[in-house]
Amino acid sequence: MDPFEFFFSFYGLLLGFSVAELVGGFARLLHERRNVRFGYLTPLLALFVAIDIASFWNQAWVIFRPAPYNYALLILGLVVASTFYVAATQVFPRELKPGEDLDDHFWTRKRLVLLSVMGANMLIVALFLGLVNLNGEITRLRLGPAFWIGTPMFMGLTLLAALNRKRLVVTGALAILVAYQAWQIFGSAKALIDKGGWSLIGG
């Protein structure tokens with residue numbers, strides 16, 4: 001087992017718990033769909049958090065795969081993954097009461113969820129920038145607008161959605177964030193298609 005496999009066995013397990021919380025919450029919602037009002041804010045928030053968690057799996061591959069084993073990195077992974085777990089547990093109600101409106105739940109929990117997600121992202125961005133400055137690779141990397149513009153936009157819109165109380169503003173911010181995530185997914189899928197996929201027979 002190499003250092004990354006050891007680190008990811010811990011980090012990925014905790015992130016997996018977060019995904020399980022989101023999927024389990026959505027499953028409970030479907031089970032009680034005749035007794036509660038769905039709305040669109042809670043499902044939109046759940047989609048945003050779920051995709052962002054998936055992005056952290058990708059970031060782990062990019063940032064931590066070349067890293068040596070280090071206790072501090074293990075603790076950092078604990079903090080990041082635990083922050084996501086706390087956020088994921090707040091997205092859906094633990095118990096669904098007949099006649100409950102999920103939009104009401106959204107307004108009571110969205111600040112904690114979104115600030116937790118933003119905090120986790122800020123930790124990883126700080127680690128990334130600190131690393132490439134420390135090892136001198138900042139001048140060799142071509143990060144481009146997706147990083148230098150996309151990252152501040154992501155943070156700003158997440159903060160706006162977390163702190164604002166106006167439905168139109170919060171909905172618009174979340175919709176833009178999900179659209180931005182979808183654009184990144186589309187870009188990755190296009191790159192895979194452009195390369196012709198991958199071989200199933202090897203050689």
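Structure summary
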quantity	calculated
Hey, ASP101 within 23 Å of LEU163 (Cα to Cα), modelled with pLDDT under 90 and either touching a His at 6+ places or on another chain (Cβ under 8 Å) or of a type in the set (Asp, Glu) (or both) or not	yes
Qualifying position, being buried (at least 19 other Cβ atoms within 10 Å of the Cβ), over 24 Å from LEU41 (Cβ atoms) and within 14 Å of the chain's Cα centre (by Cα), among VAL80, VAL117, VAL91	VAL80
Region 1-24 residues that are modelled with pLDDT of 95 or more, paired with ones that are of a type in the set (S, T, N, Q) and loosely packed, with under 14 Cβ neighbours inside 10 Å (beta carbon under 9 Å, 6 or more apart)	none
Qualifying residue in region 103-113 (condition: of a type in the set (A, V, I, L, M, F, W, C) and either within 16 Å of the chain's Cα centre (by Cα) or loosely packed, with under 11 Cβ neighbours inside 10 Å (or both))	yes
Residue, nearest to LEU14 (Cα to Cα), within region 90-133, restricted to residues that are of a type in the set (Gly, Ala, Ser) and in contact with a helix residue (DSSP H, G or I) (Cβ under 9 Å, 6 or more places away or on another chain)	ALA120
Within region 12-59, considering residues that are aromatic (Phe, Trp, Tyr) and over 14 Å from the mean Cα position of the chain (by Cα), the one farthest from PHE147 (Cα to Cα)	PHE38
Residue check, VAL117 in contact (Cβ under 8 Å) with a residue 12 or more places away in the chain and of a type in the set (Val, Ile, Thr)	yes
Any hit, region 178-197, residues being part of a loop (DSSP other than H, G, I, E, B), on the phi > 0 side of the Ramachandran plot and out of contact with any Cys (no Cβ under 9 Å at 6 or more places or on another chain)	yes
Region 124-141, residues that are in a loop (DSSP other than H, G, I, E, B) and either over 14 Å from VAL62 (Cβ atoms) or of a type in the set (Gly, Ala, Ser) (or both)	ASN135, GLY136, ARG140
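The values are calculated or read from the model by the stated rules, or taken from the named source; none is laboratory data. Only a predicted model underlies this, so the values are computations on that prediction, with no experimental measurement involved. For neighbour counting, all protein chains shown are included, and Cβ atoms are generated from backbone atoms with ideal geometry for every residue, glycine included.
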